[in-house]
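See structure below.
The values are calculated or read from the model by the stated rules, or taken from the named source; none is laboratory data. What you see is a predicted model; the values in this text were computed from it and never measured. A quick note on method: Cβ atoms are made from the backbone with ideal geometry, for glycine too, and the neighbour counts reach across all protein chains shown.
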Amino acid sequence: MSNATLESGAAMAEGTARRGVEQLSMQQALNRALDEVLAANPKALVFGEDCGRLGGVFRITDGLQAKHGTGRVFDTPLAESGILGMSVGLAMAGFHPIPEVQFDGFAYPAVNQIVCQIARMNYRSRGTMPMPITLRVPSFGGIRAPEHHGESLEALFAHVPGLKVVSPSNPHEAYHLLKYAATRPDPVIFMEPKSRYWQKGEVDFDSPDPAGSPTGGSPTGAKVMRAGRHLTLVAWGAMVARCLQVAELAAEDGIDIEVLDLRWLKPIDEATLAASVRKTRRAVVVHEAPLTSGLGAEVAQLITQACFDTLKAPVERITGFDVPYPSGDLEDEYIPNIDRILFGIQRVLEYKRG
Amino acid sequence: MDTSPSPLNGNDAGHLSGPHAEPLTAEQLRELYSLMVAVRHLDTSAIAWQRQGLIPGYAPELGQEAAQVGSGYAVDTTRDFVFPTYREMGVARAMGVDMVAYMSTHKATWHGGLYNPIESRLAPIQAVVGGSVLHAVGWAHGQTLDQADGVAMTYFGDGASSQGDIHEAMNFAAVMKAPVVFFVQNNGWAISVPTERQVAGGSVAARAAGYGMPALRIDGNDVVAVAEATRRAFAHARAGNGPVLIEAMTYRRGPHSTSDDPGRYRSLNEERDDAGEDPLERFRKQLLADGIADDAFFAEALAAAKAEEDDIRAGIQALGSRPGTEMFDLVFQETTPALQAQAASWREESEHV
Amino acid sequence: MAEISFPLPDLGEGLIEATVLEWLVSPGDQVERNQPLVEVETTKSAVELPSPQAGKVVRIHGGPGDKINVGEPLIVFEVPDNTAGIVGTVPKEEAPKRRVRLSAVLDED
Ligand SMILES: Cc1ncc(C[n+]2csc(CCOP(=O)(O)OP(=O)(O)O)c2C)c(N)n1
Ligand SMILES: [Mg+2]
């Protein structure tokens, strides 16, 4: 993405007054971001099932209806295809819809509108009808919920020309990435890691990345969450926190791991990915989604293409299995756990060419 | 709440044909009561199980016992087939489904439940709102093709009635004259959204007219009315007259689920005003007034319900996790090399982490 | 954990207070919404007040015979800060557990 010249949405909207740092949960950070987007853009609308009065089943839209009115934050009837189809018309009429589907698995009923309409209206209309739609999807597993409440749809959406896909890994990322995504002129699927809604973390409101990583303070691209020399763990969403734990454990064994939060799953920041693996020469991709045709395959190929000469081992993928996301009792057997990731790292470490 | 059978133009109850069933006997009425008590007791116990950490979550059906028991009771499990949502515990119980196997879905053991859908004539528990309504149409059309006489009954809510699939299902069924009973529990709420802001025009039953299908709008808190309406609908569909829609007007007295806080969207006063009389208490009074049952019978029914719940709780407590290999073994009838390889690596690296 | 306090509601026209007759719950009890909490007497009648909240009782105000004014605290519940969504549970933050150790001879070439 070539948005290097853009400052974060936050800095633009709030001017230059410094706002400092707060401890927030991801749920609170997302709520704050939506509140600010609604305040800054009179054409922004937030809607979906139970988003109004209840404030969303995860309370992400809590208080927004009371503050911004029932015209701008509202409950819809229970129909995902309806929600996304209506978003198309609203976008045509000059609004910026920020719809929610209540859970990942309920984006499926809306796939027709997302894929056949939202993703290609800009193209079909030769750029005259952009689709500034930010679809929020509570995503991924880990909360022992019923069926269809633990799915990882990133590969499905990333495969569709005309959609951008992003997933935050912590409250700080959530705040900045949502503010950024919700001010784009293109459709963005915003995948919120629901198992991390309640964990608190520091949100620095003033800059998406004050430390100055390769992303240069921009909410675009990938982000190095922990620097390391021996191997790069690539992840997104809820798996970033797990990979950071793994990196700590690996350090006990003298292995220095770099953790790269991909953040944008489409477009993928190839430059940052390549820079990291060129340095570490080893890579393991971790995701919750099933293995076959998962995004790990794409990441592995991009790494191989860019770093083939220097790679010490084939890129490993540690992922969910090619099975429907299981019920709570089997959840921990499905989601990549620490040991499976360590096994993958060990295979890469001991790989011998020839 | 207007729950009198609606005089819908051209498609009201009067237009239902098919043989009239005998009125319910005193024995059957007592059986209905016993079922309702069992369901009420299990339902309220399941909330307690969740509070005690025995199960991670539950979707109560408090207040819907008459609608669920009355309709489930009308099913002929030798030939009919039922498609539930996630809130049909009372239907399952009335149909005689193994309740440990049913409740296992709420213990997060297996999404669809552990009961055998083919033997119990109840499709797996369905988490997608409106997800299985079209399946009922297909199953019913299969009966027509096979010249069999089974009827499919599919459950859905006021909220689900907004989904496009529901409308496709009604139209398909009517076009194909499929033997389907669409059983709508209008319980006033879809999570936090009341029916007024969900169902334009206020009635799901009224939709049926547009599909040329008879509809009954009934008092869903009157178990006898529900059982009789459902039997009439089955008779109509079984006689080859096509689908019927029943809208049972009821009320979700409890939260949407054990982690819902209804105080965020409705007051206790609203609940009291809108819920009407408790269907169980109402039926008890009626049986007493009609001399069909006495206090001794009610006490016995409650004792049986408690004993049953004890057994189900013990069964749920004893229920271990399913073996992880089932994750891989049950994806296909014919497995794939990739799946076998993944199962092998799972066994090596993380079986029972 | 956060506490949420409920005052004595307005029980009818013009009534400004009620007398506690009997508490039906005690601190530590898990109660469900709509479950009877307390029996109170007003100048008009004796009524059972249903719980507006599901949760754990932390404190109750007033014993049998005590008068409570409408709007004054009646009962306090404990509610977790992180309530789950409409389904599922809030995952526990656990210290990472491992079985696998790494070993490698890293030639830093
Ligand atoms: C397709 C789909 N969208 C959203 C949900 C989340 N959800 C579960 S139940 C529910 C409300 C359903 O209301 P209704 O159909 O009236 O049934 P009730 O819960 O009242 O029994 C919603 C929105 C879902 N399970 N499936
Ligand atoms: Mg409903």
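Within region B:164-216, count every residue that is polar (S, T, N, Q), in a helix (DSSP H, G or I) and more than 10 Å from ligand 1 (Cβ to nearest atom).
Qualifying residue count, region B:164-216: 1.
In region A:84-135, which residues are in a loop (DSSP other than H, G, I, E, B) and either within 16 Å of ligand 1 (Cβ to nearest atom) or free of Cβ contacts under 8 Å to residues at least 24 places away in the same chain (or both)?
A:Ala93, A:Val101, A:Gln102, A:Phe103, A:Ala107, A:Ser125, A:Arg126, A:Gly127, A:Thr128
Would you check if there is a residue in region B:238-254 being within 18 Å of B:Tyr155 (Cβ to Cβ), away from ligand 2 (no atom under 13 Å from the Cβ) and among the hydroxyl-bearing types (Ser, Thr, Tyr)?
no
Listed here are the residues, each with its yes/no results for (1) more than 14 Å from every other protein chain (Cβ to nearest Cβ); (2) in a strand (DSSP E or B).
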| residue | (1), (2) |
| --- | --- |
| C:Leu21 | yes, yes |
| C:Pro52 | no, no |
| C:Gly62 | yes, no |
| C:Gly71 | yes, no |
| C:Leu74 | no, yes |
| C:Ala95 | no, no |
| C:Leu106 | no, no |
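Can you tell me which residue within region B:47-59, out of those that are more than 14 Å from chain A (Cβ to nearest Cβ) and of a type outside the set (D, E, K, R), is farthest from B:Gly90 (Cα to Cα)?
Looking at the filtered set, the residue picked out is B:Gln52.
Residues of region B:94-129 being assigned to a helix (DSSP H, G or I) and aliphatic (A, V, I, L, M), which ones?
B:Ala94, B:Met99, B:Val100, B:Ala101, B:Met103, B:Ile118, listed by residue number.
Scan B:Val128, B:Val181, B:Val175 and give me the residue that is buried (at least 24 other Cβ atoms within 10 Å of the Cβ) and among the hydrophobic types (A, V, I, L, M, F, W, C).
B:Val181 is the lone residue from the list that is buried (at least 24 other Cβ atoms within 10 Å of the Cβ) and among the hydrophobic types (A, V, I, L, M, F, W, C).
Taking A:Ser293 as meeting all but one of (1) touching a residue at least 60 places away in the same chain (Cβ under 8 Å); (2) in a loop (DSSP other than H, G, I, E, B); (3) at negative phi, write down the number of the exception.
(3)
Listed here are the residues, each with its yes/no results for (1) under 16 Å from A:Glu316 (Cα atoms); (2) outside the structural domain of A:Ile335 (by TED's automatic domain parsing); (3) under 20 Å from the mean Cα position of the chain (by Cα).
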residue	(1), (2), (3)
A:Asp253	no, no, no
A:Val259	yes, no, yes
A:Leu265	no, no, yes
A:Val285	yes, no, yes
A:Glu288	yes, no, yes
A:Ala297	yes, no, yes
A:Ala300	yes, no, yes
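Those residues that are closer than 30 Å to B:Ala235 by Cα, hydroxyl-bearing (Ser, Thr, Tyr) and over 18 Å from the mean Cα position of the chain (by Cα), I need them from region B:23-79; list them, please.
B:Thr25, B:Thr78
Restricting to region B:195-223, and then to whatever is within 14 Å of another protein chain (Cβ to nearest Cβ) and without any contact (Cβ under 8 Å) to a residue 24 or more places away in the chain, can you tell me which residue is surrounded by the fewest Cβ atoms within 10 Å (Cβ to Cβ)?
Filtering first and then ranking leaves B:Gly201.
Could you grab the pairs with beta carbons closer than 6 Å, sequence gap of 6+ or different chains, first residue in region B:145-170 and facing another protein chain (nearest Cβ under 9 Å), second one more than 16 Å from ligand 2 (Cβ to nearest atom) and modelled with pLDDT of 95 or more?
Note: pairs meeting the criteria are B:Gly164/A:Ser81; B:Asp165/B:Leu134.
For every residue, the table says whether it meets (1) free of Cβ contacts under 8 Å to residues at least 40 places away in the same chain; (2) surrounded by 21 or more Cβ atoms within 10 Å (Cβ to Cβ); (3) touching a His at 6+ places or on another chain (Cβ under 7 Å); (4) not in a strand (DSSP E or B).
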{"position": "B:Tyr58", "(1), (2), (3), (4)": "no, yes, yes, yes"}
{"position": "B:Ala67", "(1), (2), (3), (4)": "no, yes, no, yes"}
{"position": "B:Ala92", "(1), (2), (3), (4)": "yes, yes, no, yes"}
{"position": "B:Gln143", "(1), (2), (3), (4)": "yes, yes, no, yes"}
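Please count how many residues of region A:90-107 are surrounded by fewer than 18 Cβ atoms within 10 Å (Cβ to Cβ) and either within 16 Å of ligand 2 (Cβ to nearest atom) or within 14 Å of another protein chain (Cβ to nearest Cβ) (or both).
0
Name the single residue, out of those in region B:182-230 being within 16 Å of ligand 2 (Cβ to nearest atom) and of a type in the set (Gly, Ala, Ser), that is nearest to the chain's Cα centre (by Cα).
That would be B:Gly220.
Count, please, the residues in region B:324-343 that happen to be facing chain A (nearest Cβ under 7 Å) and polar (S, T, N, Q).
1
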